Structures are given as C-alpha cells and as structure tokens.
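**Student:** My questions all concern the structure below.
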Amino acid sequence: MSSSCIEEVSLEENHWFRIVNELLERADVAVNGTRPWDIQVKHPDFFKRVLQEGSLGLGESYMDGWWECEQLDVFFHRVLQQHLDKQLPRHFKDTLRIAAARLTNLQSKKRAWIVGKEHYDLGNDLFSLMLDPFMQYSCGYWKDAETLEQAQYAKLDMICRKLQLEPGMTLLDIGCGWGGLAEFAARNYGVKVHGVTISAEQQKLAQQRCEGLDVTILLQDYRDLNLQFDRIVSVGMFEHVGPKNYATYFDVADRNLKPDGIFLLHTIGAITTDMNVDPWIDKYIFPNGCLPSVRQIADASEKHFIMEDWHNFGADYDTTLMAWHERFQKTWPQLEEKYGDRFKRMFSYYLNACAGAFRARDIQLWQVVFSRGKEGGLRVAR
C-alpha cells in the first residue's frame, strides 16, 4: 500500500494516529517526516495495530511492510532513550481507549503465530557470512579494534586473560556454540577444553573447527555436568537459562569448579529486575529468553562465589550489531533466494532494534568474574 493511501485518511481525526504521534514527538520522531529516523507509514491501520499489540505489533507491521524507516537504529535509540515503551498518553481517555482495544484484541486473536524457531533453524550460511571468522555470535570488544574480526579477537583474548589461563589447565565452556572460544583458548593458551552445547549442528561445526586440538565438544545439557575444571566460562548462554533456573545454574558452576578456580560469566543484562520479555523478540528471535538483572545474578551467586570483577561494555554491542547488519546487507544477494524478503525485514529489524537499545543504554553487556576468594585478590585484565 502506497504512502499516498495515508494521505487519503484524515490523520487529524484518527485517534490512533494522534496518540502515536503525540508519543513519538517526545522522541523527536515524525510520522512521514523527512529525516532519516522519521517513520514512513504505508498502511492506515498501523497506528491502531501498534497501540493494540505493542512491541509485537510494531515489529510485525514492519515485517509486513506497513512502515519504513531509513535509519531504524536511530529510531529505536530515540524511542528507548525517552522510554516511550514505558509511557502512557497524556490523556486518561486515550489510556482507556488503548486498554479497551487490547482487551478486545486478546479475545479475538486469530492470526497464526510464526514459531520463534525460525532463528534457531537458520542455516550456517547466514551466520558464516554475517559473523567474523571465529563465528562469535556475541558482543565484540572495541576498545582498540577497528574491524569486527579485531573486536572479536580482542574479546576472546580478554576472556582468556581474565581467566588467567595457563598451559595444561582444563577449561569448561558452557554453551560453546560453534567452538570459536574453545579453539582460541586451546590454540593460543594451551589449555584442554571441554565444551557443551545442545545444538547438534553447532557440535558438528565445533568439532571440525577444533580438530587436532585438545578439545572435546559434547551434545549435553549443562545440568548433567559433574566434573572438575580449573576454569569455567559461559558466553551468551545465561540469557536462555531463565530466572527459575538461575540457582541451578550456579549450583552446577560451583560443583564443576576446582576450589581455586575462576569462573567468567558473559551475558546481556537488564537494568531492572523484570520478568517481562519483549513479545516480538520472544516470538521471532529468542524464544523463552529472559535478561537477568544485577540483583538476580547477585542473589543466585552469593552463596557460591566471591564477585571479583563486573565489567560493563554494553556500548560495544551497538557497534557489533551494526557491523553484523552491514555484513548482512552486503551478503544478502547470496541469501535472498533461500530466505526471502520478509525474513530480511525481520532480521534487519532485530539487529537495528537491539543496536538502538544498547545505544540508549536500555540493556547492558556484562562480564562477571567469580572466584572462591583468591588470596591477595585478582588483578583482572581489561
């Protein structure tokens, strides 16, 4: 539907437009404006859909082509910086209008859900083209880096230095993914790595990557681990554990770490303790994911470990995501036939929305180092 269709609708008389427009003005975003972060609305029902369905409606309407934005990352940065996702209209009557619409919507939802496994069933072709050679699907460290590959190398090396790895040590990698960290640690620090994943596809690639090294990659649930390791690392996995399992997770880490060991947890984090999950992200990107808060990590870990260091470099995730988006767009012609336009819009929306959220400091990236109390303390690398 063309933008001219919107002009045929009297927006001034459209309550839904008025409410959305009033909210967006607080973030200096205009409807059908001329700046790169302004939104171009292509469907007259966009405004009601967003107010009725919230985050899910905003994301799905973008996937459906109901609106466009030249710089989605800037749009989300502005919206989240002003906390529009948590604000209500100024007029009580408008609040009641939205509440009534959402109640009606809950009772009459007939649209089929597209299962969130789309994200996990993606082929390795996408990730091998979008990610760096280490296949790191987590935040890079951009302190001195100028490229994605340099940033991911710096992240991997910093993790190994924070863990104070030495040749001959044993390292447990919980949620080892495609084996990039396992390979890096074994090859560069001479350690023996035991990686666990619940993805058979990732296990196969990780085993190929680590062939010839002292690395074992097992298809195993982390809760079944009962061994002893000098060091434990977990990168980008804790976000999928869930609050009900935080205590069990730290029980497992405690059980598998030697008395003088060090444990490094690398996770995205929330600025508040909130069980709510973004509906669009939950449906299309990370089903059943939940971002932990400082309080939740502290509560779950305090009976097991001493927190030696808490490093926040969440702003670097913005840069990482935009680097992924640039590579995704550049290599899209190789992926287009397999994935299609709706997937492209979904994945671009995801990368840009997350970049904007990190830029607005709405979400964080933490590396937390734990021990059982090193005598003299730990000098933690940066």
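The values are calculated or read from the model by the stated rules, or taken from the named source; none is laboratory data. Computed from a prediction, not measured in an experiment: that's the story for all the values here. In this analysis, Cβ positions are derived from the backbone assuming ideal geometry, glycine residues included, and neighbour counts consider all displayed protein chains.
**Student:** Go through the residues of region 256-266 one by one and say whether even a single one is crowded, with 16+ Cβ neighbours inside 10 Å, under 25 Å from the mean Cα position of the chain (by Cα) and among the aromatic types (Phe, Trp, Tyr).
**Tutor:** Yes, region 256-266 contains a residue that is crowded, with 16+ Cβ neighbours inside 10 Å, under 25 Å from the mean Cα position of the chain (by Cα) and among the aromatic types (Phe, Trp, Tyr).
**Student:** If you take the residues of region 350-382 that are within 23 Å of PHE263 (Cα to Cα) and of a type in the set (Gly, Ala, Ser), which of them is farthest from the chain's Cα centre (by Cα)?
**Tutor:** Among those residues, the one meeting the criterion is GLY376.
**Student:** A further question on this structure: Take region 210-231 and flag every residue that is among the charged types (D, E, K, R) and buried (at least 20 other Cβ atoms within 10 Å of the Cβ).
**Tutor:** Hits for region 210-231 are ASP230, ARG231.
**Student:** Here's a follow-up. Take the residues in region 318-345 that are crowded, with 22+ Cβ neighbours inside 10 Å and among the aliphatic types (A, V, I, L, M), then tell me which one is nearest to the chain's Cα centre (by Cα).
**Tutor:** Among those residues, the one meeting the criterion is LEU321.
**Student:** Out of LEU51, LEU56, which single residue is farther than 23 Å from LEU321 by Cα, touching a residue at least 24 places away in the same chain (Cβ under 8 Å), part of a helix (DSSP H, G or I) and not assigned by TED's automatic domain parsing to the domain that holds ILE285?
**Tutor:** After ruling out the rest, the residue left standing is LEU51.
**Student:** Just the residues that are surrounded by fewer than 22 Cβ atoms within 10 Å (Cβ to Cβ) and more than 23 Å from the chain's Cα centre (by Cα), please, taken from region 187-209.
**Tutor:** ARG187, ASN188, TYR189, GLY190, LYS192, LYS204, GLN207, GLN208, ARG209
**Student:** Still on this model: Out of (1) assigned to a helix (DSSP H, G or I); (2) at pLDDT below 90; (3) more than 19 Å from the chain's Cα centre (by Cα), the odd one out for ALA154 is which?
**Tutor:** Here ALA154 clears every test but (2).
**Student:** Oh, and also: Which condition does ILE271 not pass, out of (1) at pLDDT 95 or above; (2) under 30 Å from PHE370 (Cα atoms), if it passes all the others?
**Tutor:** Unmet condition: (1).
**Student:** Cβ-Cβ below 6 Å, separation at least six or inter-chain, first residue in region 366-377 and under 21 Å from LYS303 (Cβ atoms), second part of a loop (DSSP other than H, G, I, E, B): which pairs?
**Tutor:** Sorted first by the residue in region 366-377, then by its partner, the pairs are VAL369/VAL380; PHE370/PHE305.
**Student:** Please go through region 276-318 and pick out each residue that is hydroxyl-bearing (Ser, Thr, Tyr) and more than 22 Å from TYR137 (Cα to Cα).
**Tutor:** Correct list: SER301 only.
**Student:** Return the pair list, or none, for Cβ contacts closer than 8 Å from residues in region 64-75 that are outside the structural domain of TRP324 (by TED's automatic domain parsing) to residues that are surrounded by fewer than 20 Cβ atoms within 10 Å (Cβ to Cβ) and basic (Lys, Arg), at least 6 apart or on different chains.
**Tutor:** Once the first residue is outside the structural domain of TRP324 (by TED's automatic domain parsing) and sits in region 64-75, its partners that are surrounded by fewer than 20 Cβ atoms within 10 Å (Cβ to Cβ) and basic (Lys, Arg) give ASP64/ARG342; GLY65/LYS42; GLY65/ARG345; TRP66/LYS42; TRP67/LYS42; GLU68/LYS42.
**Student:** Which residues, counting only those in region 210-221, are under 26 Å from the mean Cα position of the chain (by Cα) and farther than 10 Å from CYS176 by Cβ?
**Tutor:** Once the filter is applied, which keeps residues that are under 26 Å from the mean Cα position of the chain (by Cα) and farther than 10 Å from CYS176 by Cβ, region 210-221 yields LEU219, GLN220, ASP221.
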